[in-house]
Amino acid sequence: MGKFLLGLAKFLLGNYFSKGIIIGNHIQDRYQVTLEVETLGQYFEFIHHDALTGRMAMAGKRPFCLFTFDDGKKINVLEAVPVLEKLGVPAVFYLVTDSVTSNLPLWFDRRNAIVKDLGMIPEELKPERLKKMPLAQIHAQLDQFAEKYSVCPDTNDPCVGAMSWDEARMLQKKGFTIGAHTRNHPILTNESLEEAKGEIGGSIASVTREMGHDCVSFAFPNGSYTNDLARFAASCGVKTVMTTDPIWVGASAEPWHLPRIDIYNHYDPQKILIKVAAALPGCLLKNPNGTGRAYVKVRWFHGDR
Ligand SMILES: [Zn+2]
């Protein structure tokens with residue numbers, strides 16, 4: 001079955017030139033980034049963010065692939081960037097701007113440190129439970145465990161600590177794109193409208209200020225968005241807004257809510273190709289944000305496939 005799926009995936013990927021994909025990464029190391037580039041490079045042309053809307057309008061000889069990395073962790077600078085530079089692959093790095101400024105851990109880093117220390121997952125810290133809460137409530141929950149067990153995450157770990165603004169500016173100088181990913185990484189659909197808009201607008205303004213030119217892209221934490229929030233992000237001046245709707249980007253896709261296919265650290269080449277091919281029909285994969293296939297109805301309603 002695996003062989004059949006892989007064969008089908010290779011056929012589809014080799015015969016579909018009018019579309020492209022945006023890949024969502026997080027804390028991939030050198031080896032994993034190399035593996036992704038080698039695997040996807042057989043079928044796709046890697047493009048820069050600046051070329052994205054042009055390629056959406058006009059097909060190339062091969063389908064395009066835009067690499068993105070969420071959360072702005074230091075490991076991106078240490079591991080992904082040297083490989084991407086060597087292989088000539090552009091990418092966008094989405095920063096959680098308050099964590100870049102303060103180097104304070106994000107809520108899921110705090111949660112992961114507690115779970116690791118306990119060696120088990122308490123009911124209160126199950127991801128599906130926490131991901132239904134506003135950020136203040138998540139932190140209050142984590143505070144209780146952190147105090148009780150005296151646990152705090154190690155921000156010297158490059159998978160936990162954020163890159164600095166100087167490092168972000170260095171990436172920009174090398175030709176990479178720096179985007180915004182909120183100020184504190186809340187799940188925006190759990191926040192009040194005012195709070196959510198402050199997180200979006202504040203992070204876009206910080207990237208613009210620190211990078212010295214307009215922030216061009218915003219990515220939703222956890223891929224959780226509403227059309228109103230996505231349109232608000234676009235109204236803050238960015239050219240593209242990224243979700244995690246797991247489908248390809250077609251000619252009719254709209255820059256204010258672009259889909260992305262998440263690739264995780266443990267994926268081997270076969271799994272990468274099968275997932276990317278399974279994203280092509282636009283209705284098979286579940287959204288990692290927990291909303292299942294709700295994106296299918298929304299996008300088909302908008303004629304946005
Ligand atoms: Zn994120």
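Computed values, structure above
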quantity	calculated
Residues satisfying the stated conditions in segment 69-90, i.e. crowded, with 23+ Cβ neighbours inside 10 Å and either in a helix (DSSP H, G or I) or more than 14 Å from the ligand (Cβ to nearest atom) (or both)	Asn76, Ala80, Leu84
Any hit, segment 217-226, residues being away from the ligand (no atom under 14 Å from the Cβ) and loosely packed, with under 14 Cβ neighbours inside 10 Å	no
Flag if Phe218 is aromatic (Phe, Trp, Tyr) and assigned to a strand (DSSP E or B)	yes
Any hit, segment 111-121, residues being in contact with a helix residue (DSSP H, G or I) (Cβ under 8 Å, 6 or more places away or on another chain), assigned to a helix (DSSP H, G or I) and in the same structural domain as His49 (by TED's automatic domain parsing)	no
Residue that is at pLDDT below 95, out of contact with any Cys (no Cβ under 6 Å at 6 or more places or on another chain) and closer than 15 Å to Thr68 by Cα, where the choices are Asn265, Asn227	Asn265
Enumeration of residues in segment 183-203 that are part of a loop (DSSP other than H, G, I, E, B) and either over 15 Å from Asn222 (Cβ atoms) or not hydrophobic (A, V, I, L, M, F, W, C) (or both)	Arg183, Asn184, His185, Pro186, Glu191, Ser192
Qualifying residue in segment 175-191 (condition: among the charged types (D, E, K, R) and without any contact (Cβ under 8 Å) to a residue 12 or more places away in the chain)	no
Any chance Ile178 is modelled with pLDDT of 95 or more, in a helix (DSSP H, G or I) and within 16 Å of the ligand (Cβ to nearest atom)	no
Condition check for Ala233: closer than 29 Å to Glu128 by Cβ and in contact with an Asp or Glu (Cβ under 8 Å, 6 or more places away or on another chain)	no
Residue that is surrounded by the fewest Cβ atoms within 10 Å (Cβ to Cβ) [pool: residues in segment 48-66 that are in a helix (DSSP H, G or I) and touching a Gly at 6+ places or on another chain (Cβ under 9 Å)]	Arg55
Pairs where the first residue, in segment 56-75, is small (Gly, Ala, Ser) and the second is assigned to a strand (DSSP E or B) and more than 14 Å from the ligand (Cβ to nearest atom), C-beta under 9 Å, 6+ apart	Ala59/Gly20; Gly60/Gly20; Gly60/Glu45; Gly72/Ile178
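The values are calculated or read from the model by the stated rules, or taken from the named source; none is laboratory data. Bear in mind the structure is a predicted one, so any value in this text is a computation, not a measurement. FYI the Cβ positions are ideal-geometry reconstructions off the backbone, even for glycines, and counts take in every protein chain you see.
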